[in-house]
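As C-alpha cells, the structure follows; a few thoughts come after it.
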Amino acid sequence: MQRKAAREGSPFTGLGPVFMKEFSDHLSSARMMVLMLFVIVFGAFPVATSLQTLRSAVDPNSFIFLRIFTLEPEQVGISFTAALNFIIPLMAIGLGFDSVNSEFNRRTLSRVLSQPIYRDALLLGKFLGGLATLAVALVALWLIVLGAGLILLGVPPRGVEVARGLSFLLVAIAYGGVWLAIAILFSVIFRSTATSALCALGVWLFFFILWPQLAGALLVGFAPSEIRTVDDYVALQSVGLGLMRLSPGTLFSEAVLGLLAPETRTLGPMLPSQMRGAIMGAPLPFDQSLLLIWPQVTGLIAGMIVVFAAAYVIFQREEVRA
Amino acid sequence: MSDNVIEARGLLKLYGAQRAVNAIDLDIRRGEIFGLLGPNGAGKTTTILMLLGLTETSGGSVSVLGFDPVRQPLEVKRRVGYLPDAVGFYDHLTARENLAYTARLLDIPRREATERIMESLKSVNLDDVADKRVATFSRGMRQRLGIAEIVMKKAEVAILDEPTSGLDPHATFELLEMIRGLKRLNVAVLLSSHLLDRVQSVCDRVALFNKGDIALMGTVVELANQVLGAGHPLQVEASGIDVAATLRGVEGVQRVTEEGAGTWRVVADRDVRAAVAQRIVSSGGSLTRLADLQPSLEEVYTRYFQEARHAA
Ligand SMILES: Nc1ncnc2c1ncn2[C@@H]1O[C@H](COP(=O)(O)OP(=O)(O)OP(=O)(O)O)[C@@H](O)[C@H]1O
Ligand SMILES: [Mg+2]
C-alpha cells in the first residue's frame, strides 16, 4: 500500500462558506428557538430570585452584579451559573449531535465534498458555526441578565465586574466548545443521529450523575489505611480533585468560582501557607483571579482540541458513500 | 496536451482482501460520452470515487485534466462535476440557495453566480421552481438540479453515477437530452448506468465491468463484434416462400433462423441486403420488411455474462 502523498492547496479552502452556512442554518432553525427557550426558562428562575434577594441587601462595596450569577436563592436551590453548568452541554449537544451524520443521511456529503474543499474545512466550519451560534446565545443571555440587573438594582456595574463578567462569558463559550466537540465526535462515529444523540447525552449524564460517585469510590481505593499527617490528607484530597477535574463541568464551575467570587483564593484544598497574610474574605485582584483559574481554562481548551482532533482523524478515514 | 481528460493506469482498490477495482486502465477523451456498465458491485462507483479523489486508491495512477486526484484534489474538483447516485440537497433550502452554496464553495463572485445559477436552472427547466424548497422536489427534479449544478460549475468533465436510476421513461429521456446537451458544450461525460438501451443511445464508448475488471471496452459495435462475433445481422419479414431455404443459397449468408411467424434473422459476413431482396422477390415471395439490425448492447451484455458464468 502506498503512503498518502502530500496534498496541495490550503486545508482551509472553503471554510468561510461552510461556517456561514452552518451559522445561518442554526440561527434560523426551530431547534435553536427551542434551545433558547430552554435556557431562558432555566436561567430566568435563579436570576429573578437572586435579584429579589439582592435588592433588599445593597452593599455598594461588594460585587453585587456578580452575585446575580452566583447567588443560590433558597427558593430555587440552584444558582444561575450552576444552571448553566448543565444547560450549556445540553445546548451544545443539541447543536452538534447530527452535524456530520445528517449530511450522510441527506446524501449531501459526497456532493459537497466533490466541490473544491477538504474534509478539514467542512468539519472545522461545522464546529466553528456551532460555536458561534452558542456564543450568540450566551451573549444574548448574558446581556439579558445584565440588563435585568441594571433595571432592578438601579446601580451600574463597576468596570471590574464587567471585566469579570466578560471573562466568565468566554469561559462559558469554551465550556460549550468542549461539549460541541464531543457531540460532533459522536456525529462522526455514528451514522444514525439518534444513536449519536443518545451517546452524547450518555456522556453528559455520566459526568453529572455517575462521575462524582465513581470518583469518590475510586478515591477510597487510593486512600492509605490511615491518614497520619496533614500531607497525607492533602495528597488524598488532590487525587480526588484531580479525578473530579476530568469532568469538564468541574473545570467550568471552578473557573466560574474564581472569576465571579473574587474572594476565592484557591481552588484546591486550602493550605496553611496560603492562608498566611491573607485577609479572609478580601477580594483578589482581577489578574490574580485570572492566574488562579488559568489551569482550568487551558484544561477546557485542551479538552476541546483533543476531542475535535479525534473527530477529525475518524472523519478523514470515513468512506463518503452512504 | 493529450486529448484524454481522464487517464487511469493500473487503478487498484482493495477492501481488505477483496479487489473492488482490479488494476484497470481507462482513458476518457475530450467531449465524449463514456458509459460504465456492469452488474451491482462490479466496482463502478468505487472507480468514480477514486477518479474524484473522494476515496483513497490502493495503487496505480490517475490523471484528471492533468491533475492527480490524490495529491491535487482541489484542482480536480474545481473542474469536474459529480452527480452521486441518489443525489441529496439541503431540503430546507430552495433550489437557488442550494446552488448558491455550491457557488460560494467554488468561490464564484456573487454577481456572476446569480447569473450562472439562473442560466443553469433554465437549462434543466427548473427556473420556475427556483425559489421552491428542495423538500418539495421529485426524484427527477433533484437529479436535474444535480445536472444544473454541473452546468453552473462550468465543469470540463461530468461524472454521473446512475443518473437515470429511479426515473420514469419520460424523465429518463429528458435527462439523457441534458446529458447530450453537456456533450454539446464539449464536456466529457462519464456515466454509469443499468439501462442498457438508454446507454447505447447516448454513449460513444462503453466499458463493461465485471468483478473489478474491465472486461470489454469500446464502441457498441466493437463490443458486439467481440462478443457476438463479426457479422451483419438482418431482419427479414417475407411470405409466400420458404425463406430459410431460399436465403441459404445467397453468397455470404451464414445463418438463417426463424424468430417468429414470418420473421427471420439472417447473419451474413457482409452487407447482403440487396442480394437478399433480389432473391426473395425473384423466387416469387413477397418481401414486407428488410432491416439492418443494430447490434444491441443488451444482447452483448446478456451474452457476455452468460459466457462468463459458464466459464466460472
Ligand atoms: N466501504 C466498503 N468496504 C468494503 N467493501 C466495499 C465498500 N464499498 C464498496 N465495497 C465493495 O466494493 C465492490 C464494488 O462496489 P461498487 O459500489 O463500486 O459497485 P458498483 O459497480 O457501483 O455497484 P452498483 O451497480 O450496485 O452501484 C462491492 O463488492 C462492494 O461490496
Ligand atoms: Mg454504484
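The values are calculated or read from the model by the stated rules, or taken from the named source; none is laboratory data. As the structure is a computational prediction, the values presented were derived from the model and not from experiment. Using ideal geometry, Cβ is built from the backbone for each residue, glycine included, and neighbour counts are taken over all protein chains shown. These accessible areas exclude ligands, DNA and RNA; they are computed on the full protein's heavy atoms, side chains included. Shrake-Rupley method; radii C 1.70, N 1.55, O 1.52, S 1.80 Å.
Computed over chain A with a Gaussian network model linking Cα atoms closer than 10 Å, the most mobile of A:Met244, A:Met91, A:Met33 is A:Met33. Counted as membrane-span-like here are DSSP H helices of chain B whose alpha-carbon atoms extend 15 Å or more along the helix's own axis and whose Kyte-Doolittle mean is -0.5 or above; these are B:95-105, B:139-153, B:169-184. Largest GNM mean-square fluctuation among B:Glu299, B:Glu258, B:Glu119, using chain B with Cα springs under 10 Å: B:Glu258. Where the alpha-carbon atoms of chain B are placed on the principal axes, they occupy 75, 48, 35 Å, in descending order. Heavy-atom accessible area buried between chains B and A is around 3100 Å² (1.4 Å probe, both sides summed). Using the 1.4 Å probe convention, the accessible area of chain B works out to 44 Å² per residue with neighbouring protein chains retained. Each peptide in A:213-222, A:114-123, B:279-288 was scored by the mean count of other Cβ atoms within 10 Å over its residues; highest first, the order is A:114-123, B:279-288, A:213-222. Helices in chain A, meaning DSSP H runs of at least 4 residues, each add -39500 (n - 2.57). Divided by all residues, the mean residue ellipticity at 222 nm is -24000 deg cm²/dmol. Surface composition of the protein assembly as shown: carbon and sulfur atoms hold 59% of the protein heavy-atom accessible area at a 1.4 Å probe.
Go ahead and run the numbers for FRET between A:Arg158 and A:Ala135, Cβ-Cβ distance against an R0 of 22 Å, rounding to 0.05. Given R0 = 22 Å and the Cβ-Cβ separation, E is 0.35. Reported to the nearest whole Å, the Cα centre-to-centre distance from the range B:235-260 to the range B:1-49 is 43. Helices of chain A meeting both criteria, an alpha-carbon length of 24 angstrom or more along the long axis and an average Kyte-Doolittle score not below 0.0, with helices taken as full DSSP H segments, are A:30-56, A:119-153, A:159-189, A:286-317. The mean number of Cβ atoms from other chains found within 10 Å of a Cβ in peptide B:190-202 is 0, as a whole number. Within the range A:102-117, the residues that become at least 50 Å² less accessible when every protein chain is included than when their own chain is isolated (1.4 Å probe; DNA, RNA and ligands ignored) are A:Arg106, A:Arg107, A:Arg111, A:Ser114, A:Gln115, A:Pro116. Extents of the protein assembly as shown, taken as max minus min of Cα coordinates on every principal axis and listed largest first, are 127, 59, 47 Å. Listed by chain and number, the lysines whose C-alpha is less than 25 Å from the C-alpha of B:Lys77, apart from same-chain residues fewer than 8 away, are A:Lys4, A:Lys21, A:Lys126, B:Lys13, B:Lys44, B:Lys122, B:Lys153, B:Lys154, B:Lys183.
Hey, quick one: spin label on B:Thr302, modelled 7 Å out along Cα-Cβ, who in the range B:212-252 has an amide N within reach, i.e. under 15 Å? Answer for this model: B:228.
Eigenvalues of the alpha-carbon gyration tensor of chain A, scaled by 5 and square-rooted, set the equivalent ellipsoid semi-axes at 38, 26, 18 angstrom, largest first. Summing Cβ point charges (Lys, Arg +1; Asp, Glu -1) relative to the Cα centre of chain B gives a dipole of roughly 540 debye. Taking amide H atoms as placed 1.01 Å from N in the peptide plane, the amide H of B:Asn210 lies under 5 Å from those of B:Ala215, each 5 or more residues away in sequence or on another chain. Seen through its C-alpha gyration tensor, with square-root eigenvalues sorted a ≥ b ≥ c, the range B:172-312 comes out prolate because a/c lies at 1.5 or above while a/b is bigger than b/c. What residue among B:Val124, B:Val256, B:Val21 shows peak mean-square fluctuation when chain B is described by a Gaussian network model with Cα springs under 10 Å? Maximum fluctuation in the GNM of chain B, among the listed residues, is at B:Val256. Using the Cβ-Cβ distance between B:Leu14 and B:Thr257 with R0 = 45 Å, the FRET efficiency computed as 1/(1 + (r/R0)^6) comes to roughly 0.50. Peptide B:87-94 shows a mean partner chain C-beta count of 4 within 10 Å per residue C-beta. For the peptide B:95-101, the mean number of other protein chain Cβ atoms found within 10 angstrom of a residue's Cβ is 2.
Heavy-atom accessible area for B:Ser165, with the other protein chains in place and a 1.4 Å probe, reaches approximately 40 Å². Once the Cβ-Cβ distance of A:Ser102 and A:Thr53 is raised to the sixth power relative to R0 = 41 Å, the FRET efficiency obtained is 0.40.
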